[in-house]
Amino acid sequence: MGIYEKLTQKSNKTGFIFYKVGGSTEAVNYKEFFNITDNLALYLSNVGVKKGDRIGIYMKNSPHWLAIDLACLKIGAVSVPIGTTVSEDNVKFIIRDANLKILFKDTNRKDNLFNNEKIIDVDRKIQDSFLELLKNLSDKKSLFFKTRDSNEATVCYTSGSTGRPKGAILTHGNIIHNIENQPLHFDSTDTSLSFLPLSHMFERTCGVYFAIYNDVTICFAESIDKVMENVQEFKPTYFLTVPRLLEKIYNKANEKAVTRLLVSIGLGKIVGKKIRAKLGGRIRFIASGGAPLSKNILEFFKKIGIIIYQGYGLTETSPLISVNYEGNNVLGSVGKPLKGVEVKLSEENTLMIRSPGLMKEYTKKGEMQKRMKEGWFDTGDLAEVNSESYIFIKGRIDDLIVMSNGKKVYPDFIEKEIENNGIDTAFVYGNGKNYLCTLIYGLNLNKEQIQLIIDKVNKKLSSFEAVKKFYIIPKAFSIEEGTLTPTLKKQRKKIIEIYYKELESLYNG
């Protein structure tokens, strides 16, 4: 059984999909939406799409995006999402590498990236009547393709933080393992807010697929910039996020002395009530992934009565490897492995996994074998696993700083400590050096204020981890500049490339 059949058979089709069009809110219920995707599957078949053909989706999040993806799954085609913030050079690379038959795109995406006769421009040719057009297709014949677990479902490209993006070929069975074995509870009374990119498996599997499977109402945010507005309007009971949003909420709350006082004397629930109101007033929990959260932030949210469940996974594992959940939520950990997932540590303390969710292969044949060791896949993430099987992620082995004295430093931990004390952005540097320095973007803070924060953080660190010098950069890191991935992780190589002279100047007198 394929993903489409799994989702439609399990769902009672009572949920809704809400989205914004020109400032107004539109809605379509699941029953109607599945009819739309059935008709879109017919449309794809009529234009010559066959089982195994790869179909590109180069669009912002929307019901249109989801309808195309599900229609591909229904007829056995392979959806290939392309992130809207991916560089033009990498978009061209993905189009070539994936060997697309058709590309669906938004009007504002550049036409020169693909052969025009193979483009379906969703906004220009179908416009806002896209869903209406599909509802009214006259030929209602059913399309059934027997899809096996081993059949390809999607090619999802990594963010390319270490070079060209890699296309992970995921099967129907890989993704179904995630859908059926995640331990969090959802039902038809829940409403989710979807704002992370659907081009990443975290939002696609753990966001929309989980929601459909459990009859959860999905609300598409207009953009990441409008999340706080949309959360007030749609009032979700949960949502998925990356640490950056929670860090901003934490930093904003801790700007006020009264907030810090209430939390410190055990009256954090008063603060929590206000924050929950800003999050729509119905939040049951928030699921965080993409990078570890600092313990300070986790403890803060716990004290104010807002539940955070951290999880962990990779594009290559569809994506879930582990997650915290009700009754099994250990602060600082990314939870226990999903049912059927095995983990162990390598000699270098990187996390090794065996999982039914592990991809079939990369698009570049033989590339997967470079990460396989005696049947285990090396995640490249430094980790600890305690006696109760909870996993603690320390950072990427590629990001580990090895100083000239042989000391090893996790930069992510130090950066989070600095950022959680009122600084917007920190980037720690010092590979092969005898002390650490950092880039700082401090908004309206002056050098003296920044130094006080650095001094405060240094007191919590070992002497070799202390930051000795800093350089103030003129702007925050961004996706557009290439210094952040679409899931807001720092592109360390790119940052060093841009600020190399400034960083080295901190060691030259």
**Request:** Mind checking which of L382, G290, Q369 is farthest towards the positive end of the range 242-396's charge dipole, using Cβ charges of +1 (Lys, Arg) and -1 (Asp, Glu) about the Cα centre?
**Result:** G290
**Message:** Rounded to whole Å, give me the distance from the Cα center of the range 417-467 to that of the range 58-75.
**Reply:** 43
**Charge dipole magnitude, Cβ of K and R +1, D and E -1 - the chain, Cα centre, debye nearest 20** = 420
**Request:** Give me the net charge of L445's neighbourhood, meaning all other residues with Cβ under 14 Å from the Cβ of L445; Lys, Arg count +1, Asp, Glu -1.
**Result:** -3
**Message:** Using the basic label-point model (7 angstrom from Cα toward the beta carbon), what is the K408 to Y325 distance in nanometres?
**Reply:** 3.2
**Asked** When the chain is fully extended, how far beyond the present Cα-Cα distance does K269 get from A466, taking 0.36 nm per residue of separation?
**Response** 67.5 nm
**Prompt:** With labels modelled as points extended 7 Å from the Cα through the Cβ direction, what inter-label distance (nm, one decimal) is found for K501 paired with L452?
**Reply:** 3.3
**Fill in**
Taking r as the C-beta separation of K339 and M228 and R0 as 41 Å, the FRET efficiency to the nearest 0.05 is 0.70
**Asked** Using the per-residue mean of other Cβ atoms lying within 10 Å as a proxy for protection, in what order, highest first, do the peptides 470-481, 180-191, 422-433, 164-175 fall?
**Response** 164-175, 422-433, 180-191, 470-481
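Taking square-rooted eigenvalues a ≥ b ≥ c of the alpha carbon gyration tensor, is the range 401-505 rounded, prolate or oblate, where a/c under 1.5 means rounded and, failing that, a/b exceeding b/c means prolate?
oblate
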**Request:** In square nanometres and to one decimal, what's the mean projected area of the convex hull around the Cα atoms of the chain?
**Result:** 24.2
**Prompt:** Relative to the first principal axis of the alpha-carbon coordinates of the chain, what is the inclination of helix 172-181, with its axis defined by its Cα atoms, in degrees from 0 to 90 and to the nearest 10?
**Reply:** 60
**Request:** Sort the following peptides by mean Cβ neighbour count (other Cβ atoms within 10 Å, averaged over residues), highest first: 412-419, 218-225.
**Result:** 412-419, 218-225
**Asked** With point charges of +1 on the Cβ of Lys and Arg and -1 on the Cβ of Asp and Glu, referenced to the Cα centre of the chain, which listed residue (V402, C156, L503) lies farthest in the positive direction of the dipole?
**Response** V402
**Prompt:** Which of S87, N174, I265 sits closest to the plus end of the dipole of the chain, meaning its Cα is farthest towards the positive end, when Lys and Arg get +1 and Asp and Glu get -1 on the C-beta?
**Reply:** I265
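Coordinate-derived values only; no laboratory data. As the structure is a computational prediction, the values presented were derived from the model and not from experiment. Every residue, glycine among them, receives a Cβ derived from its backbone with ideal geometry; neighbour counts consider all protein chains shown.
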